[in-house]
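Before any comments, here is the structure.
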Amino acid sequence: MQHITDRQLVRATDAQLDDVLGGLIYLASDAAAMVTGSALLIDGGWTTAD
């Protein structure tokens, strides 16, 4: 696993359960019934970092 530095994150903290809970609840709900083949990125900005 690649080491992630604070500079590489938009939020320079480790993820907590509350950070991902909204996404998990959404994906488990009826509101996401039509969501297929998608990725919900909850990564603290890692994918947008240079």
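Since every read-out is calculated from the coordinates, none of them should be taken as a lab result. Just so it is clear, the structure is predicted and the values come from calculations on it, not from any experiment.
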(Q) Give me the extension gain from S38 to Q16: residue separation times 0.36 nm, minus the current Cα-Cα distance, reported in nm with one decimal. (A) 5.7 nm
Q) Once phi is turned into θ = phi - 60°, what whole-Hz ³J(HN,Hα) does the Karplus curve with 6.51, -1.76 and 1.60 give for every residue of the range 34-40, x standing for Gly and Pro? A) 9, 8, 9, x, 10, 10, 9
